[in-house]
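First up is the structure itself, then whatever we jot down about it.
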Amino acid sequence: MFMSVVKVDNRGRLTLSRELKGADKAVVINAGTFIVVIPLPKHPEIHALGWLASKTSSLKKIAEEKAREDAVSRGFTLRRRT
């Protein structure tokens, strides 16, 4: 983790520290009187393998079930695939 103080020019631009320059993209969160910048890895799916324990098939099953429940609550009639 790092923290740095940067200058803001007269047009509101700032230069990011070297730790962020290696990232292709970053998430910028407006937190009221300050911002939070979170660098994103170039291949987030590879970095997620270590902490994402669920397999794609189980996530797909959960998503399909939630979509089915939502559709039924809205009055749609669904048939299960066989």
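The values are calculated or read from the model by the stated rules, or taken from the named source; none is laboratory data. Fair warning: this is a prediction, and the values are worked out from it, not measured in the lab. Using ideal geometry, Cβ is built from the backbone for each residue, glycine included, and neighbour counts are taken over all protein chains shown.
Taking Val36 as the residue in question, decide whether it is at pLDDT 80 or above, of a type in the set (Val, Ile, Thr) and in contact with a strand residue (DSSP E or B) (Cβ under 6 Å, 6 or more places away or on another chain). Break it down into steps so the answer makes sense when it comes.
Working: at pLDDT 80 or above: yes; of a type in the set (Val, Ile, Thr): yes; in contact with a strand residue (DSSP E or B) (Cβ under 6 Å, 6 or more places away or on another chain): yes.
Spelling it out, Val36 is indeed at pLDDT 80 or above, of a type in the set (Val, Ile, Thr) and in contact with a strand residue (DSSP E or B) (Cβ under 6 Å, 6 or more places away or on another chain).
Contact map, region 59-78: residues that are free of Cβ contacts under 8 Å to residues at least 60 places away in the same chain paired with residues that are not in a helix (DSSP H, G or I), Cβ distance under 6 Å, separation 6+ or inter-chain. Pairs shown: Arg68/Leu78; Ala71/Leu78.
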